[in-house]
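Have a look at the structure below before the remarks.
Just so you know, all these numbers are worked out from the coordinates, no wet-lab data involved. Predicted model, so just to flag it, every value in this text is computed and none were measured. Positions of Cβ are backbone-derived with ideal geometry, glycine not excepted, and every protein chain shown enters the neighbour counts.
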Amino acid sequence: MMASILVPVIFIAGSLVLDTTNALSMKTSLQNAADSAVLATTSQLADGKITEDEAIAYATNFFNGQISNDASAFNGFSATPTVTLTKSGTGATAIWKVEVAVLGSQKASGLGKFAGKDTIDVAIRAASESGSDGEDRSPISMMLVLDRSGSMQWASGRTTTETVPKYCTRWVWKPYSWRQETYECGTTTVVTDVPKMDVLKEAVGNLVDHISASDPTNEYARMGAAAYNLETRDGDKLGLTWNKSQVSSFTNGLTATGGTNSADAMEWALQRVNGSGEINEHYSKNGSKAPLKFIVFMTDGENDFGRGNEWKTEQADKKTKDTCQAAKAANVTVFSVAFQAPKRGRDLLEACAFSAKHYFDAQSADDLLKAFTAIGKEASKQVTRLTN
């Protein structure tokens, strides 16, 4: 009789031992995965390889990748990570803290369920902090060279809906006769084309926002702009400034008119980023004597002085290319963006780009926005490497 009682007790005890072993094994696996995830994420943040917006998804995906084999190792296995990201300090003193809390679960053994447990649950937590002293990083200076020729007022292919006054007609008696008159009778919606210039303004705003977000203290990134049509006048120039919002305001004030000649604007932009005064600006603010230098050059067309002036057009292309070669020789990274441009315009921009990966052929409004966003992310990584 006693033996018949002891047998199930022994089996249950054995099952509990097995469940305990499985729980410890699962906990170790989860802890290792969480530790790796927080260390990798803080390292990526400090190196500027990911942004704050990307960090939580990065940590989650890293953790899930680490435990991908555990689904077959544990019966009914599941693990839910919760990632928390905090930042203290600003500028070069910023410190990132990444925490990962995990609730893991697997099914209990068959006989273990007699003890009242259907699942084995464990909870773990991992945390890591990381900062950067910025000594091996470089701040940036960036000039935008923007086309404001008449074709920038053409339709971009994007449309928008606007609410406008609605007008109706009616017959009214005027002296000696009935006459028809028009009167406002409410509102209606119409679909209108979005000009390419409006898309450019949005794209520049996005780029400025990316760089501004990576430099909240305005210590590491300077921006300026030059616009051009057939010429580049004083009002088409905005020198490099710490106040990056001025670039958005400058761009929002542009109007599209006239022909196309990029030569003078490119030359002026290179002089700005490559001047000794720019080094002095950075040195007095962040101690750097070697800021990274960028030019973003865009057009929707091609240099064109009109029929009978083909030689001027060729000279404008040559002068622009010469400036781009001088920029490369001075280690200035040139991003070039063709916005629905014809072949000769695309050829010029391809020749100007620092490398093939720095050239963007934007065939639509969305392509232009994506191009400027990609440029903003790439440039802001350099600033983030320093400030974080």
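Structure notes:
- 0 to 90° range, to nearest 10: angle between helix 52-66 axis and the chain longest Cα axis: 40 degrees
- Highest-first packing order for the peptide set 27-34, 161-168, 332-339 is 332-339, 27-34, 161-168, based on the mean count of other beta carbon atoms within 10 Å.
- Overall, the anisotropy analysis places region 260-338 in the prolate class: the square-rooted eigenvalues a ≥ b ≥ c of its C-alpha gyration tensor yield a/c not less than 1.5, with a/b exceeding b/c.
- Compared with the dominant principal axis of the Cα atoms in the chain, helix 263-274 is inclined by about 50°.
- For region 246-388: rounded, prolate or oblate by the Cα gyration tensor [a/c cutoff 1.5]: prolate
- Here each label is just a point 7 Å from Cα along the line to Cβ, and for Ala356 and Lys321 those points are 2.0 nm apart.
- Where both bridge residues fall in the chain, DSSP classifies roughly 65% of the beta bridges as antiparallel.
- For the pair region 338-357 and region 28-54, the centres of their Cα atoms are 38 angstrom apart.
- Only DSSP H runs of four or more residues enter the estimate; each adds -39500 (n - 2.57), and after division by the residues of the chain the mean residue ellipticity at 222 nm equals -14500 deg cm²/dmol.
- Extreme residue, positive dipole direction of the chain, given options Leu207, Asn286, Leu348 (C-beta unit charges): Leu207
- About its Cα centre, the dipole of the chain is roughly 340 debye, where the only charges are +1 on Lys and Arg Cβ and -1 on Asp and Glu Cβ.
- Converting phi to 3J(HN,Hα) with the Karplus coefficients 6.51, -1.76 and 1.60 and the offset θ = phi - 60°, region 230-239 yields 6, 8, 10, 8, 4, x, 8, 10, 10, x Hz in sequence order, with x at every glycine or proline.
- Estimated FRET transfer efficiency (Lys87, Ser177; beta-carbon r; R0 56 Å; 0.05): 0.15
- Counting other Cβ atoms within 10 Å as a rough exposure proxy, the listed residues Arg272, Arg158 run Arg158, Arg272 from fewest neighbours to most.
- Using a Förster distance of 45 Å, the FRET efficiency for Ile95-Ser25 (Cβ separation, nearest 0.05): 0.85
- Straight-line cross-link partners of Lys377 among the lysines, defined as a Cα under 17 Å from its Cα and at least 8 positions apart when in the same chain: Lys49, Lys244, Lys293, Lys357.
- Candidate aspartates and glutamates - alpha carbon under 17 Å from Lys27, same-chain residues fewer than 8 apart omitted: Asp19, Asp35, Asp70, Glu99, Asp121
- Residue among Lys201, Lys312, Lys237 with the largest mean-square fluctuation in a Gaussian network model of the chain, springs linking Cα atoms under 10 Å: Lys312
- Packing here is the average count of other Cβ atoms within 10 Å per residue, and on that basis the peptides 183-193, 242-252, highest first, run 242-252, 183-193.
- Other residues whose C-beta falls under 14 angstrom from the C-beta of Thr255 contribute a net charge of +1, scoring Lys and Arg +1 and Asp and Glu -1.
- Cα-based helix-to-principal-axis angle, 276-286 vs the chain, degrees rounded to 10: 30 degrees
- Exposure proxy shown here: for Val145, Val273, the number of other Cβ atoms within 10 Å sets the order, fewest to most, as Val273, Val145.
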